[in-house]
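The values are calculated or read from the model by the stated rules, or taken from the named source; none is laboratory data. From a predicted model like this one, the values you see are computed outputs, not experimental measurements. Methodologically, a virtual Cβ is constructed for each residue, glycine included, from the backbone with ideal geometry; neighbour enumeration extends over all protein chains shown. Areas reflect the complete protein model, heavy atoms only, side chains present, ligands, DNA and RNA absent. Shrake-Rupley method; radii C 1.70, N 1.55, O 1.52, S 1.80 Å.
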Protein chains: 2
Amino acid sequence: MGHEWCSTRRRSAPVDEFSALGSEALHTLREELRGDYARFRERGLKLDLTRGKPSAEQLDFSNELLALPGDEFRAADGTDCRNYGGLHGLPELREIFSPLLQVPVEQLIAGDSSSLSIMHDLVTHAMLFALPGGSTRWADVERPAFLCPVPGYDRHFSICEKFGIEMIAIEPTAEGLLDIDEVERLAASDPRIKGMWFVPKYSNPTGTTVSEQDAERLARMTTAADDFRIFWDDAYSVHHLTDHRVTIAPIVALCEAAGHPDRVFVLGSTSKITFAGAGVSFLGTSPANLQWYLGHIAKRTIGPDKVNHLRHVRFLKDAEGVQKLMERHRASLAPKFAKVQEILADELGGTGIATWTEAFGGYFVSMNVLDGTAAEVIRLAKEAGVALTQAGCAYPYGKDPRDRNIRLAPSFPPVADLDTAMRGVVLCVKLAAVEKLIEQGQQG
Amino acid sequence: MGHEWCSTRRRSAPVDEFSALGSEALHTLREELRGDYARFRERGLKLDLTRGKPSAEQLDFSNELLALPGDEFRAADGTDCRNYGGLHGLPELREIFSPLLQVPVEQLIAGDSSSLSIMHDLVTHAMLFALPGGSTRWADVERPAFLCPVPGYDRHFSICEKFGIEMIAIEPTAEGLLDIDEVERLAASDPRIKGMWFVPKYSNPTGTTVSEQDAERLARMTTAADDFRIFWDDAYSVHHLTDHRVTIAPIVALCEAAGHPDRVFVLGSTSKITFAGAGVSFLGTSPANLQWYLGHIAKRTIGPDKVNHLRHVRFLKDAEGVQKLMERHRASLAPKFAKVQEILADELGGTGIATWTEAFGGYFVSMNVLDGTAAEVIRLAKEAGVALTQAGCAYPYGKDPRDRNIRLAPSFPPVADLDTAMRGVVLCVKLAAVEKLIEQGQQG
């Protein structure tokens, strides 16, 4: 296995075919592609590859939830789930997810439907109230900053932008992995740097997974800020696409062993396990962090929706129940991801105008097109009725410095629509590349 | 009806009997009461009158929800409620509550289970981002302040305390109503005063309801702050205890007519209609306020739990369905409130050591005992196994200046337990009063 488990499955090897074409050949190719594009546009399609939304078929897997908990309303300890109370969430739900998120059950709490809300509230409260180990609230720090491995998740970046937290992009290594040296260097050097966004497994959008060594270095590293926090968004912990069920290091235990128990917030949810809009979420962290968070959140709520917790307990039963459900998701998703790979390889393989990721899990394919053409590809696709996520979405402030990254989200449309949409996308990638190469030739 | 609809039903008339007793009679009475108290304490009870929690019987009324929405998951407009999206909440749910909360459906949004969370988030965001009409965020205001009619709701006050917002208590008029003159005077005089907590109907804890005239004056009044907001917590809008279904003025319309459309946030929830811990909540306000709120909240969530919205739509059906359900609650609650009134009248009527409210609706009885004895009553009750809400809970910072107010919450225990608990409470009220009168006699 070697380092494979901490990486993505493969990337296409650029062979520079397009850039090797002479001017005349490029012009001929442009005419062909313009014709193909015009015909594609005439079809008047309306297809959407923007967000990592589960498909209706996937949501159907959890339809049992719609009639649960039935006539039961008591938790294992006798709690009436219908009434007020219980900030931690149901113990039996936390027990199911404790091994999956690798957080001891007493350090794991369950919330309402969205882990995004927990992340948002953690940052909000850190802005307004000093964290354990910290001496000031972030609102009183001049230009607080976060490390943001790129490409990354736009909704993480939106939270920073909202609160005026500066985002420092961390470009990946040549292998597409986390640049841990750069993370260590920056975290150690600048007390303004208060945190880091990180999707440790099957990441959004590149599908990479953190290595055990890098997880250990994150836990051990020296930080200039005494209240540095890693937002360890384990959104895809059980979202495998192959037989190779990738595992990651238990970060809560690593941080504790490294003498930095308060360093990490582990986030998770069932948004892509049960119902995207009606699931349950989790926060796992140190006792001190938990006390800080619960103390603040107690002024906001008398407790999460325990009936929904009970509903999920009855449906999922145990950690193995979650894994079994995820096998059904995989069976639905894997052919879609295979279709994307097939079309990308067939149409763009060897052209040298695009590279892309193929992940062991998660929800996305991250594609890099020819520098300076991503926005144009997205514009062309949009005009032809194929919606792609906004250009630059995977970068802080929506600014992709090389204008090359496109996030593909194949989960929602049926395979036939996905096929059509992807054929349109690769056409746009080629057309934009040829236009750019001709433009560069004219300038050169 | 006259002004009756805007007030509570009646208060006991103090006749000063205890204070008229001579020293010897007081000492005899003390010996009797001490004996009664000792015997009561020996029973080793464990009863709870602390919070306005619905009883298990009340929660049973909504047990249909436990198996809903069944096999349906589509909203009226075809939306798949299981998936992401829809910040406003289901239109059909908002339609049910629009007439009840007197907010046009397009200005009313539905959220997750707690209106407390919406109030908390409104204040949080107002601290960090200027409100429509405001030029600065509240965090940049020196000593921002809120008007707090007392006695009031402790969870409102906790939000102010959390964010360092100064609370200015507004004592009621001699009739126990809102001192609107004082509210107008303060709001007009001090730009630091940014808001006001207000439960307009069957208020917590006194059960009072705002008059149409006072509502109009709140809408019309001049405020020194250009971003003054009334948090109109209509928590008990349909929570009647008598045939007299009290109505209140439509504050959103009044504010609009008065040229202050952004003045009010209307809050509501089904916490005391369906399930206290698993209901739905509402925010009704001006289009500008709504845009401000949704813009900020969009970074926190991809939308509320729409399956729970659908569940409530299927169960409640329409506004009349809500009213019918509330009739069942009334049938369960009214005998409990009657029992409290009966015991208070029998045991404390004519003693001159306590006054209390009798409301047309809501969840509480507010009792004022002899000045300087509320904390002692609560301590005595606790030692005898009857939990009452913490002394001073209905006042900012938990400080009741006259140490006299006790909030009684009769909803949760069965009538027999309530009877026992209340007989203990009145005993403690009497014992504390006699001890105080003897102490005062010795000093005088």
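Descriptive notes on the structure:
- Applying a DSSP loop filter and a limit of 14 other Cβ atoms within 10 Å to the GluC sites (Glu not before Pro) in the range B:137-166 leaves B:GLU142.
- Antiparallel bridge percentage (DSSP; both residues within chain A; nearest 5): 50 percent
- Kirkwood-based Rg to Rh ratio, the protein assembly as shown, C-alpha trace: 1.03
- Sorted largest first, extent of the range B:212-303 alpha carbons per principal axis (Å): 41, 39, 18
- Cα-Cα over 24 Å, subset of A:LYS324/B:LYS299; B:LYS317/B:LYS339; A:LYS299/B:LYS46; B:LYS194/B:LYS399; A:LYS336/A:LYS382: A:LYS324/B:LYS299; B:LYS317/B:LYS339; A:LYS299/B:LYS46
- Total charge dipole magnitude, chain A, about the Cα centre, Cβ charges on Lys, Arg, Asp, Glu only, Debye to nearest 20: 840 debye
- Calculated mean residue ellipticity at 222 nm for chain B: -12500 deg cm²/dmol, from DSSP H runs with n ≥ 4 weighted as -39500 (n - 2.57), summed, divided by the residue count and rounded to 500.
- Normalised size of the range B:8-131, defined as Cα radius of gyration per 2.2 N^0.38 Å with N residues, equals 1.92.
- Using only side-chain charges placed at the Cβ, +1 for Lys and Arg and -1 for Asp and Glu, the dipole size of the protein assembly as shown relative to its Cα centre rounds to 520 debye.
- Computed from protein heavy atoms with a 1.4 Å probe, the total accessible area buried between A and B is close to 4400 Å².
- In whole angstrom, the range B:316-424 maps to an equivalent ellipsoid with semi-axes of 28, 16, 13, each derived as √(5λ) from the alpha carbon gyration tensor and ordered largest first.
- Inter-chain shielding of B:158-164 (mean C-beta neighbours from other protein chains, 10 Å cut-off): 3
- Volume of the convex hull of the range B:216-260 (Cα atoms only), normalised per residue: 81 Å³.
- Cα-derived Rg over Rh, computed across chain A with Rh taken as Kirkwood radius: 1.00
- For the residues of B:122-129, the average number of beta carbons from a partner chain within 10 Å of their own beta carbon is 3.
- Cβ-based charge dipole, chain B, positive-most Cα from B:GLY44, B:LEU283, B:ILE168: B:GLY44
- Summed over all non-identical Cα pairs, the Kirkwood treatment of the range B:58-160 gives a radius of 17.2 Å.
- Residue-count net charge about A:PRO132 - beta-carbon cut-off 12 Å; Lys, Arg +1, Asp, Glu -1: -1
- Taking every DSSP bridge with both residues inside the protein assembly as shown, close to 50 percent are antiparallel.
- The range A:180-208 and the range B:117-162: distance between their alpha carbon centers, rounded to Å: 35 Å
- Selection from A:PRO410, A:VAL429, A:ALA394, by position along the positive dipole direction of the range A:354-444 (Cβ): A:ALA394
- Projecting the Cα positions of A:ALA235, A:PRO304, A:LEU325 onto the charge dipole of the range A:191-325 (unit charges on Cβ atoms of Lys, Arg, Asp and Glu, taken about the Cα centre) puts A:PRO304 furthest along the positive direction.
- Basic side chains Lys and Arg get +1 at the Cβ, acidic Asp and Glu get -1 at the Cβ, and with that the dipole of the range B:50-104 about its Cα centre reaches some 340 debye.
- Average other protein chain Cβ within 10 Å of Cβ, residues A:236-249: 0
- Label-to-label distances for A:GLU24 across copies, nearest first, come out at 13.2 nm, using points 7 Å from Cα in the beta-carbon direction.
- Each peptide in B:396-409, A:277-290 gets a packing score, the mean of other Cβ atoms within 10 Å over its residues, and the list from highest to lowest is A:277-290, B:396-409.
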